[in-house]
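**Student:** So that we are looking at the same thing, I have put the structure below in structure tokens.
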């Protein structure tokens with residue numbers, strides 16, 4: 001029997017951070033870093049970093065919906081970045097670091113919008129959520145040096161100070177959803 005694999009695409013800051021978080025979840029079979037939401041074909045990191053291409057640093061997640069739901073992915077997404085800051089996550093500033101959900105079908109679009117409504121109505125955040133919910137266009141893979149970045153560079157200061165605390169957060173709040181080490 002073939003296992004069903006679905007995809008989700010999120011932009012929530014630096015893709016080094018987001019890739020490392022979602023790689024650790026049960027039911028996630030693959031996570032790749034890339035660019036989406038922009039205006040030029042085949043963008044390179046150096047171009048995206050200028051903010052002039054319109055692309056967001058994003059991750060594409062392959063997941064087994066029998067193991068982890070899109071809803072749970074949304075919970076992790078919103079718990080591991082600030083969806084109220086426009087074009088910024090921490091010290092990373094620019095439209096390439098915006099918060100976005102790039103849906104692949106009407107069900108994902110509806111689930112994302114419903115989730116945002118629930119979070120907004122619960123007053124979890126004191127500022128309005130600015131996460132864009134947009135149809136996924138072309139997803140361009142990032143250069144190979146960006147793939148599996150955290151796992152290959154854990155001792156790098158950016159990883160220690162920015163990514164490791166996010167991983168510790170999911171270990172605390174999403175224990176049941178984590179893969180075994």
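**Student:** Please verify whether residue 124 is more than 19 Å from residue 163 (Cβ to Cβ) and either in a loop (DSSP other than H, G, I, E, B) or in contact (Cβ under 8 Å) with a residue 60 or more places away in the chain (or both), treating the condition exactly as stated.
**Tutor:** Taking the combined requirement at face value, the residue satisfies it.
**Student:** Condition first: part of a helix (DSSP H, G or I), out of contact with any strand residue (DSSP E or B) (no Cβ under 8 Å at 6 or more places or on another chain) and in contact (Cβ under 8 Å) with a residue 12 or more places away in the chain. Now tell me which residues in segment 130-163 satisfy that.
**Tutor:** Listed by number, the residues that qualify are 150, 151, 158, 159, 162, 163.
**Student:** Return yes or no: is residue 72 part of a helix (DSSP H, G or I), modelled with pLDDT under 95 and surrounded by 14 or more Cβ atoms within 10 Å (Cβ to Cβ)?
**Tutor:** No.
**Student:** While we're here: Name the residues in segment 25-46 that are in contact with a strand residue (DSSP E or B) (Cβ under 9 Å, 6 or more places away or on another chain), farther than 14 Å from residue 11 by Cα and not in a loop (DSSP other than H, G, I, E, B), would you?
**Tutor:** Hits for segment 25-46 are 25, 28, 29, 30, 45.
**Student:** Ok, one more. Answer yes or no as to whether residue 4 is assigned to a loop (DSSP other than H, G, I, E, B), more than 15 Å from the chain's Cα centre (by Cα), surrounded by fewer than 24 Cβ atoms within 10 Å (Cβ to Cβ) and modelled with pLDDT of 95 or more.
**Tutor:** Criteria not met by residue 4.
**Student:** Please enumerate the residues belonging to segment 47-72 that are touching a strand residue (DSSP E or B) at 6+ places or on another chain (Cβ under 9 Å) and within 19 Å of residue 125 (Cβ to Cβ).
**Tutor:** The answer is none; no residue qualifies.
**Student:** Residue 56: surrounded by 16 or more Cβ atoms within 10 Å (Cβ to Cβ), under 19 Å from residue 148 (Cβ atoms) and touching a residue at least 12 places away in the same chain (Cβ under 8 Å), yes or no?
**Tutor:** Spelling it out, it is not the case that residue 56 is surrounded by 16 or more Cβ atoms within 10 Å (Cβ to Cβ), under 19 Å from residue 148 (Cβ atoms) and touching a residue at least 12 places away in the same chain (Cβ under 8 Å).
**Student:** Tell me, which residue of segment 90-115 that is in contact with a helix residue (DSSP H, G or I) (Cβ under 7 Å, 6 or more places away or on another chain) and surrounded by 23 or more Cβ atoms within 10 Å (Cβ to Cβ) is farthest from residue 49 (Cα to Cα)?
**Tutor:** Only one residue tops the list, namely 112.
The values are calculated or read from the model by the stated rules, or taken from the named source; none is laboratory data. Note that this is a predicted model, so its numbers are computed, not measured. When we count neighbours, we look across all protein chains shown, and the Cβ atoms used for this are built from the backbone with ideal geometry, even at glycine.
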